Amino acid sequence: MEEFWKLPPKIKVLEALGAIADGRVSVENNKARVSSSTGEKNYTVIFQPPDRIKSDDNGSVFKGYLGYPAIAFLMLKGLLPYDEQLAEKLKGIPWKELNEKYKDYRKVEFIILKQRRLDQKRVETFEKEVLQGIKRKWKKLA
């Protein structure tokens, strides 16, 4: 039976953009290597066209949602929306540090929106587009 990925917390869309802007995503054909924001971990993304994808990040492995490494890969492949201007504003964010400090994705997103002076409506619209692009489309690759 085919299993679809759960939708990730919306902040994972922003983390994916940040990873791209930081140059932490290396794509080669249908595979990617994504470094964590601290550089301590590397994640592997494997894509099997047209709609199967696998990632070994914590969210994907332990929580069953499509994690930011896979989202970043799909953005770079043109299979999910990408916003270069928004990505540039998300460069250099210490995602792990903030997530561990606040333990609340909504709070972290609020802090980032404020610190980076991001337009909340634009961010919400973009997150919604990406999540719609994920919903019931991407299947787990065993």
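Listed by chain and number, the aspartates and glutamates whose alpha-carbon sits under 20 Å from that of residue 107, ignoring those within fewer than 8 places in the same chain, are 15, 97, 119, 124, 127. Within the chain, what's the longest stretch lacking GluC sites (Glu not before Pro) that sit in DSSP loops with no more than 14 other Cβ atoms inside 10 Å? Maximal segment without exposed cleavage sites: 41-142.
Placing +1 on the Cβ of every Lys and Arg and -1 on the Cβ of every Asp and Glu, with no other charges, gives region 11-137 a dipole of roughly 280 debye about its Cα centre. Is region 1-82 rounded, prolate or oblate when judged by the Cα gyration tensor, a ≥ b ≥ c being the square roots of its eigenvalues, rounded requiring a/c under 1.5 and prolate requiring a/b larger than b/c? Taking the square roots of the gyration eigenvalues as a ≥ b ≥ c, region 1-82 is rounded. Springs join every pair of Cα atoms under 10 Å in this Gaussian network model of the chain, and among 103, 31, 63 the largest mean-square fluctuation is at 103.
Read-outs: derived from the displayed coordinates by stated rules, not from any lab. Just so it is clear, the model here is predicted, and its values are computed rather than measured. Here Cβ is always computed from backbone atoms with ideal geometry, including for glycine, and neighbour counts include all displayed protein chains.
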